[in-house]
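The values are calculated or read from the model by the stated rules, or taken from the named source; none is laboratory data. All values derive from a computational prediction rather than experimental measurement. Every residue, glycine as well, gets a Cβ built from its backbone with ideal geometry; the counts of neighbours run over all protein chains shown.
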Number of protein chains: 2
Amino acid sequence: MTRIARRMADIQPFHVMEILKRAHQLSAAGRDIIHLEVGEPDFPTPQPMVDAARRFLEGGHVHYTPALGLTDLREAISRFYHDRFGTDIAPERIIVTPGASGGLMLALGVLTDPGDEWLLPDPGYPSNRHLVRSFEGRPVALPVDATTRFQPTPAHLAQAWTPRTRGLMVASPANPTGTLLELDEIEALQQAVSARGGVLIVDEIYQGLCYGVEARTALSRLDDVFVVNSFSKYFGMTGWRLGWMVVPEAYVRDIEKLAQHFFISPSTPAQHAALAAFEPATLEILETRRHAFAERRNALLPALREIGFRFATEPQGAFYLYADVSDLADSSETLAQRLIEEAGVATTPGLDFGNNAPEKHLRIAYTTDEGRLVEAAERIARVLKHL
Amino acid sequence: MTRIARRMADIQPFHVMEILKRAHQLSAAGRDIIHLEVGEPDFPTPQPMVDAARRFLEGGHVHYTPALGLTDLREAISRFYHDRFGTDIAPERIIVTPGASGGLMLALGVLTDPGDEWLLPDPGYPSNRHLVRSFEGRPVALPVDATTRFQPTPAHLAQAWTPRTRGLMVASPANPTGTLLELDEIEALQQAVSARGGVLIVDEIYQGLCYGVEARTALSRLDDVFVVNSFSKYFGMTGWRLGWMVVPEAYVRDIEKLAQHFFISPSTPAQHAALAAFEPATLEILETRRHAFAERRNALLPALREIGFRFATEPQGAFYLYADVSDLADSSETLAQRLIEEAGVATTPGLDFGNNAPEKHLRIAYTTDEGRLVEAAERIARVLKHL
């Protein structure tokens, strides 16, 4: 009797879960495993945010909020854009969502008709193409490489655009590559998309996490764009499941309808924690952490280069290194298996990020402390010297 | 440039939001408003659950959990089925979700191909048809009335089934009618659905909230069924956004894939609160509340009958009364407007629950204390005597 919808044949699991499962088995057997596969900060949620949530919870009055989020929080996010980026965004255009995933679902749900094509850079965050497919859209991969810092250009766009194309999704900083788009580049992409009657979605989920360059937002140049953001990464709130999205005004009412049915409302305790996200005490903690991430990156990158991992472009954001490992192994999957078995180091093979030479690439997350990162590099070096 | 997906033309907002907006305006102007429109318990989250969450939050380590939820919580839910209903459900079949909404999305996402028809009782919970539409399915209303306690029967099914029908959704206790299905009735529906190669989804979101009858689960009779449940209503956790779903084993893997992309994982603080949901101290609080709901219902039902609200079938569950108001007004919408303006009492007109004689029906939620309910009935009586 089992009959599964056709879309599920195209929807892949996170392949890294197999590595994670093996890591847990090895840990349970007493092996020391260093986790470089995990896409979440190792830091706890900043204390002022935890305190705000705990205070709110005291009375137990944890009721639904409006579907688009607490007015206070939408206003706080609006002030954040003003204070940090000098950009004025009306709170009415800010949608609080259950994680950035929730924002992506709402955006794709109101934008995608069956058969509509979305251009997605490959490599890229795997869920994007599966969410497009979930709403009966067609994800179309834009293969990108180090020559354009793994970011799409108007030339890529011109080549791939068809009458069925609905729009383009980009990420800055990007997962898995850690590269950023310049504002001029985003603007050029938006012009190219808009000239063809399409929509640009910009994933700024890793916004605050950049090193040696300033954080930026597409919104300081563009209004007619969907911007997805998150409290998970820079703000250290992964498990709370909270994000936000800024949308053109004309879409707000439809997004509200969809949010009511998809989610009723975002998590109330998470929203109260997030109200403390923009306080000076919190931002100070977050900046300290950003510096720690920068130091980790600066320690790990040369150590891996030394071993033979290649980085044709310098990653400047998020907490990922996307290494070309083709000098070290025929297949990144085999290499990842070898690293977990022999070095006790868990990494994510390229397969999770698309079909653009995944066998050549490995994602390494620096979401563990510097000492462990150095140890991981040493262990990897020892194993690979026996190649 | 605005181009909104076609599905949005079929997706309605919660109409009650207009009443709620007006209620807030009147409150702000100093009027005392009694809220009988709200679909959430007025009680706070039980203290043992709040305490569990606050303890968990102390360290701030709020990370992602597995996509299907914490193993401990899935096991606790499994024990709950055993202890309360004498039913053995493998924890592996239990999916922890971001609210019951999340469960419905996963179920419909893995089951619905474009054009697939789902039979939905009308009146019914409005989001169901919009979620079906979101995945390009076609919601098909089964008009039901007091003669079958607003529940569908195999005869309804036989009449509406087509080669494109994918399955049937039922709710017990049901929103907005508060009626339950007997286990024999659910079994007969499942046989009728299954004989036609379809799937039955049973919404047990209001499971623990029934009065004068025992709580029940379709799972005590059936394995080959999707059962959606929630921590929101009986367990008093609305704003936390947590629910669960029990699915046939053959669907677990696909649901896990979809859950990874839709949600990453359910809220971690909510899951830790829910771990305390089945403790004796919590269940004692919840049973006390259930008795309070029963008393409210017993006070409100005769008071409304006295005024001329008609209830052809006795509601036994949830916290709703679905009244036939056709003796009192030509349109339930006009009546609801009159009640908010003249009596300061907010209710939900039938329009939100479908197209089956909505103008004749009003939903009244007894989610406020008994004294206020009595006062609401008195105020309504005063207004309607001037008809």
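For the reader, a short list of remarks on this structure follows.
- Restricting attention to region A:39-71 and to residues that are free of Cβ contacts under 8 Å to residues at least 24 places away in the same chain and within 30 Å of B:Pro13 (Cα to Cα), the residue that is farthest from the other protein chains (Cβ to nearest Cβ) turns out to be A:Thr71.
- Among residues of region A:15-33, those that are exposed (fewer than 15 other Cβ atoms within 10 Å of the Cβ) and either of a type in the set (A, V, I, L, M, F, W, C) or facing another protein chain (nearest Cβ under 9 Å) (or both), counted: 2
- Odd one out for B:Pro121 among (1) surrounded by fewer than 23 Cβ atoms within 10 Å (Cβ to Cβ); (2) in contact (Cβ under 8 Å) with a residue 12 or more places away in the chain: (1)
- Unique match (being assigned to a helix (DSSP H, G or I), under 22 Å from A:Met17 (Cα atoms), under 20 Å from the mean Cα position of the chain (by Cα) and assigned by TED's automatic domain parsing to the domain that holds A:Leu20) among A:Leu351, A:Leu362: A:Leu351
- Filtered residues of region B:124-146 (kept if more than 26 Å from B:Pro315 (Cα to Cα), in a loop (DSSP other than H, G, I, E, B) and not charged (D, E, K, R)): B:Phe135, B:Gly137
- Just one of the listed residues (B:Gln207, B:Gln260) is at pLDDT 95 or above, over 28 Å from B:Pro163 (Cβ atoms) and at the interface with chain A (Cβ under 10 Å from one of its Cβ atoms), namely B:Gln260.
- Residues of region B:282-295 satisfying the condition of being within 14 Å of another protein chain (Cβ to nearest Cβ) and over 15 Å from B:Ala53 (Cα atoms): B:Ile285, B:Leu286, B:Arg289
- Sole exception among (1) within 14 Å of chain A (Cβ to nearest Cβ); (2) of a type in the set (S, T, N, Q); (3) buried (at least 24 other Cβ atoms within 10 Å of the Cβ) for B:Ser194, by number: (3)
- Evaluated against (1) surrounded by fewer than 22 Cβ atoms within 10 Å (Cβ to Cβ); (2) in a helix (DSSP H, G or I), B:Glu314 falls short on exactly one condition, (2).
- Unique residue being touching a residue at least 60 places away in the same chain (Cβ under 8 Å), of a type outside the set (Asp, Glu) and on the phi > 0 side of the Ramachandran plot when the list is B:Gly115, B:Gly99: B:Gly99
- Among the conditions (1) under 21 Å from B:Ile89 (Cβ atoms); (2) not assigned by TED's automatic domain parsing to the domain that holds B:Pro121, B:Lys233 misses just one, which is (2).
- Among the residues listed as B:Glu249, B:Glu279, the single one being away from chain A (no Cβ under 14 Å) and of a type in the set (D, E, K, R): B:Glu279
- Some residue of region A:4-14 being more than 14 Å from chain B (Cβ to nearest Cβ), more than 30 Å from B:Pro13 (Cβ to Cβ) and touching a His at 6+ places or on another chain (Cβ under 9 Å): no
- Residues that are more than 22 Å from the chain's Cα centre (by Cα), within 12 Å of chain B (Cβ to nearest Cβ) and farther than 30 Å from A:Gln337 by Cα are absent from region A:80-96.
- The single residue among A:Glu306, A:Glu342, A:Glu375 that is outside any loop (DSSP other than H, G, I, E, B), crowded, with 16+ Cβ neighbours inside 10 Å, touching a residue at least 24 places away in the same chain (Cβ under 8 Å) and not assigned by TED's automatic domain parsing to the domain that holds A:Phe231 turns out to be A:Glu375.
- Hits in region B:232-246 - residues which are away from chain A (no Cβ under 11 Å) and either closer than 30 Å to A:Tyr125 by Cβ or touching a strand residue (DSSP E or B) at 6+ places or on another chain (Cβ under 8 Å) (or both): B:Trp244, B:Met245, B:Val246
- In region B:130-139, residue farthest from the other protein chains (Cβ to nearest Cβ) [restricted to those that are crowded, with 19+ Cβ neighbours inside 10 Å and free of Cβ contacts under 8 Å to residues at least 60 places away in the same chain]: B:Pro139
- Some residue of region B:323-330 being in a helix (DSSP H, G or I) and more than 21 Å from the chain's Cα centre (by Cα): no
- A:Leu36 vs. criteria within 13 Å of chain B (Cβ to nearest Cβ) and either in contact (Cβ under 8 Å) with a residue 12 or more places away in the chain or over 24 Å from the mean Cα position of the chain (by Cα) (or both): no
- Where B:Ser265 falls short, out of the listed (1) within 11 Å of chain A (Cβ to nearest Cβ); (2) small (Gly, Ala, Ser); (3) assigned to a helix (DSSP H, G or I); (4) surrounded by fewer than 24 Cβ atoms within 10 Å (Cβ to Cβ): (3)
- Any hit, region A:107-121, residues being more than 28 Å from B:Asp113 (Cβ to Cβ) and either assigned to a helix (DSSP H, G or I) or not aromatic (Phe, Trp, Tyr) (or both): yes
- Of all residue pairs spaced 6 or more apart or on separate chains, those with beta-carbon atoms under 7 Å, a first member in region A:7-20 that is under 15 Å from A:Pro126 (Cα atoms) and a second member that is assigned to a loop (DSSP other than H, G, I, E, B) and of a type outside the set (Lys, Arg) are A:Val16/A:Glu37.
- Taking the criterion of being touching a Lys or Arg at 6+ places or on another chain (Cβ under 8 Å) and within 19 Å of B:Arg363 (Cβ to Cβ), the only residue of region B:131-156 that qualifies is B:Ala141.
- The listed residue being in contact with a Gly (Cβ under 8 Å, 6 or more places away or on another chain) and assigned by TED's automatic domain parsing to the domain that holds B:Gly344, out of B:Ile34, B:Ile11: B:Ile34
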